[in-house]
Amino acid sequence: MAKNILVVHGSPRSGGNSAQLADAFMEGAKGAGHEVKLIEVGHAKIAGCQACEYCFGHEGECVQKDQMQDFYPELRWADVLVFAIPMYYYSYPAQIKAFQDRMFCGIAKPFGIKEVALLLTYEDKDPSTAQPLIDSFNVCANYCKQEVLGVVAVGSVYEKGAIAGNPGLEEARLLGASIE
């Protein structure tokens, strides 16, 4: 059965390594017959959550009227959510963190996302440096009762295009193709 897959690219660098990893994943998922949408949040103007809980009294609607409003319909459409991001300072980029925090209104009116995946690029050669970010991703998925379909983490890539020929691209493609 085809699923609705939302890929959230959170890098401010267009066409970079995380974008190429997302492209490979989407190729695999589309090839498997899924509906796939990509949203770019790396340049979106998204304020942080104010913890005002307005959404709890207004059927999940957020009080802030910034670009996050463009993304809520896509989150409500999705069965599967995939984050494609670079690691910044051993954590999530600020752009994706603001997006994630603003998903808080999904507690008031659940999005219906049952499965998640992470596509991660980072400059460091030591894969252990990415583990805290991966752990944070897994903890959030567990809290939200979402099944983690996979994590593709590709290190030693920084310069735009450095991921070319990396086996992680095929790993991302296969992850996309494996979704049932």
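Starting from the Cα-Cα distance between ALA177 and ALA32, subtract it from 0.36 nm times their residue separation and give me the gain in nm to one decimal.
Details: separation 145, 0.36 × 145 = 52.20 nm, distance 0.52 nm.
Going from the current span to full extension adds 51.7 nm.
Determine the sum of side-chain charges near ALA29: Lys and Arg each +1, Asp and Glu each -1, restricted to other residues whose C-beta is under 13 angstrom from that of ALA29.
With Lys, Arg at +1 and Asp, Glu at -1, the neighbours total -2.
Please state the equivalent ellipsoid semi-axes for the range 1-47: what are the square roots of 5 times the Cα gyration tensor eigenvalues, largest first, in whole Å?
Details: eigenvalues 98, 35, 5 Å².
Ellipsoid semi-axes (Å, largest first): 22, 13, 5.
What shape does the range 1-85 have by the C-alpha gyration tensor, where a ≥ b ≥ c are the square roots of the eigenvalues, rounded means a/c under 1.5, and otherwise prolate means a/b greater than b/c and oblate the rest? Please report the intermediate quantities before stating the final value.
Working: a/c = 3.42, a/b = 1.51, b/c = 2.26.
Because a/c hits 1.5 or more and a/b fails to exceed b/c, the range 1-85 counts as oblate.
What spacing in nm lies between the two simple spin-label points modelled at ILE134 and LYS97, each 7 Å away from Cα in the Cβ direction?
2.1
Give me the accessible area per residue for the range 62-125, probe 1.4 Å, as a whole number in Å².
That works out to 43 Å² per residue.
Roughly speaking, what is the stretch gain from HIS43 to TYR158, that is 0.36 nm per residue apart minus the C-alpha to C-alpha distance, in nm to one decimal?
Contour length minus the Cα-Cα distance gives 39.5 nm.
Test of understanding: extend the Cα→C-beta vector of ASP66 to 7 Å, then name every residue of the range 80-116 with backbone N under 18 Å from that spot.
Zone members listed by number: 92-106.
Carbon and sulfur atoms: what percent of the 1.4 Å accessible area of the chain do they account for?
53
Using the Karplus curve 6.51 cos²θ - 1.76 cosθ + 1.60 with θ = phi - 60°, what ³J(HN,Hα) values do you get for each residue of the range 55-72, in whole Hz, with x for Gly and Pro?
The phi angles translate into 4, 5, x, 9, 6, x, 7, 8, 5, 7, 10, 10, 5, 4, 4, 5, 9, 4 Hz.
Which values, in whole Å and largest first, are the semi-axes of the equivalent ellipsoid of the range 107-180 obtained as the square root of 5 times each eigenvalue of the Cα gyration tensor?
Gyration-tensor ellipsoid for the range 107-180: 26, 16, 10 Å.
What does the C-alpha gyration tensor say about the overall shape of the range 40-120? Classify as rounded when a/c is under 1.5, otherwise prolate if a/b is larger than b/c, or oblate.
Since a/c reaches 1.5 but b/c is at least a/b, the shape of the range 40-120 is classed as oblate.
How many times 2.2 N^0.38 Å is the alpha carbon radius of gyration of the chain?
Values: Rg = 15.7 Å, N = 180, 2.2 N^0.38 = 15.8 Å.
Compared with the compact-globule rule of thumb, the chain sits at 0.99.
In a shell of Cβ-Cβ distance under 13 Å around THR129, excluding THR129 itself, what net charge do Lys and Arg (+1) and Asp and Glu (-1) give?
Summing Lys and Arg as +1 and Asp and Glu as -1 gives -3.
Just order 109-120, 19-30 by mean Cβ neighbour count inside 10 Å, highest at the front, would you?
Values: 109-120: 20.0, 19-30: 22.8.
Going by the mean number of other Cβ atoms within 10 Å, highest first, we get 19-30, 109-120.
Taking 7 Å along the Cα-to-C-beta vector as the label spot, tell me the ALA51-ASP124 distance in nanometres, rounded to one decimal.
The answer from the label model is 2.8 nm.
Ignoring everything except DSSP H segments at least 4 long, calculate the 222 nm mean residue ellipticity for the chain; use -39,500 (n - 2.57) per segment, divide by total residues, nearest 500. Before the final figure, lay out each step's value.
Numbers: 7 runs with 67 residues, N = 180.
Counting only the DSSP helices, I get -11000 deg cm²/dmol.
The values are calculated or read from the model by the stated rules, or taken from the named source; none is laboratory data. Remember, predicted model here, so these are calculated numbers, not experimental data. Neighbour counts run over all protein chains shown; Cβ positions are idealised from the backbone, glycine included. Heads up: the accessible areas ignore ligands, DNA and RNA and are worked out on the full protein's heavy atoms, side chains in. Shrake-Rupley method; radii C 1.70, N 1.55, O 1.52, S 1.80 Å.
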